[in-house]
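J.: Sharing a structure here in C-alpha cells format.
The values are calculated or read from the model by the stated rules, or taken from the named source; none is laboratory data. Values in this document were obtained by computation on a predicted structure and should not be read as measured data. Cβ placement follows ideal geometry from the backbone for every residue including glycine, while neighbour counts extend to all protein chains displayed. Keep in mind that these areas ignore ligands, DNA and RNA; they rest on the heavy atoms of the full protein, side chains included. Shrake-Rupley method; radii C 1.70, N 1.55, O 1.52, S 1.80 Å.
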Amino acid sequence: MTRKIVYVFLFSLLLSACGSQVNAAGEGDISSGRNPKDARVTIENDLVTIKLPRRTSYFWLEKVSDDSVQYQTLYFKYDTREKNFFFQTNLAVWQPVVLEKNAVEMGKVKVVFDEKEIIITYPSGTWAFP
C-alpha cells in the first residue's frame, strides 16, 4: 500500500513539473485554442481584416484554403525577454518575425505591427481566426 502511495505521489509531481514548464514558456494561451477576445473582425470586398490591440501577446490562424504554403497553422506570440514577436507553424519551431516596413506576409496572410494595433488581413475563405 505504501508503495502505491509513493508511486502516485511521484507521478503527480512529474505531471505538475510538466505543467509549469508549458506555462513558463508562454504557450499556455496559444495551446488553449482561443484567440484574444478583443479582436475586431470586418469583411469587405472578400478581404478579412482583424484588428488587435498592440498589447496582444498571442494570436493564431488556421488554414482553410491557401495553396501558397504547406503549413496548416500559424501562431504568433510576443516574447517579453526578446521584446519581439515570434511565429511558429505546425511544421517549424519558434522563429523571430522579420518585418519589412512593419509588416510580414506569410502565404496569403499579411500582418502589420502598427504602433497602436496589429492588423491581420487575408482573402476571405483562405484562413480562419478561431
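J.: Would you check which residues across the stretch 98-114 are part of a loop (DSSP other than H, G, I, E, B) and free of Cβ contacts under 8 Å to residues at least 12 places away in the same chain and list them?
T.: The answer is 98, 101.
J.: Sticking with this structure for a sec: What residue, of 49, 56, is closer than 15 Å to residue 119 by Cα, of a type in the set (S, T, N, Q) and either more than 14 Å from the chain's Cα centre (by Cα) or open to solvent by 30 Å² or more (accessible area, probe 1.4 Å) (or both)?
T.: The match here is 49.
J.: Ok, one more. Just to be sure I understand, how many residues within the stretch 87-113 are farther than 17 Å from residue 47 by Cβ and open to solvent by 40 Å² or more (accessible area, probe 1.4 Å)?
T.: Residues that pass the stated criteria total 12.
J.: In the stretch 59-86, what residues are loosely packed, with under 13 Cβ neighbours inside 10 Å, among the charged types (D, E, K, R) and over 16 Å from residue 118 (Cβ atoms)?
T.: Listed by number, the residues that qualify are 67, 81, 82.
J.: Restricting to the stretch 31-46, name every residue that is surrounded by 11 or more Cβ atoms within 10 Å (Cβ to Cβ) and assigned to a loop (DSSP other than H, G, I, E, B).
T.: 34, 35, 36, 39, listed by residue number.
J.: Being farther than 17 Å from residue 54 by Cα and either of a type in the set (Phe, Trp, Tyr) or not in a loop (DSSP other than H, G, I, E, B) (or both) is the filter; apply it to the stretch 115-126 and report the residue that is least open to solvent (accessible area, probe 1.4 Å).
T.: Per the criteria, the residue is 122.
J.: Of all residues in the stretch 73-93, how many are part of a loop (DSSP other than H, G, I, E, B) and more than 18 Å from residue 35 (Cα to Cα)?
T.: Going through the stretch 73-93 one residue at a time, the tally reaches 7.
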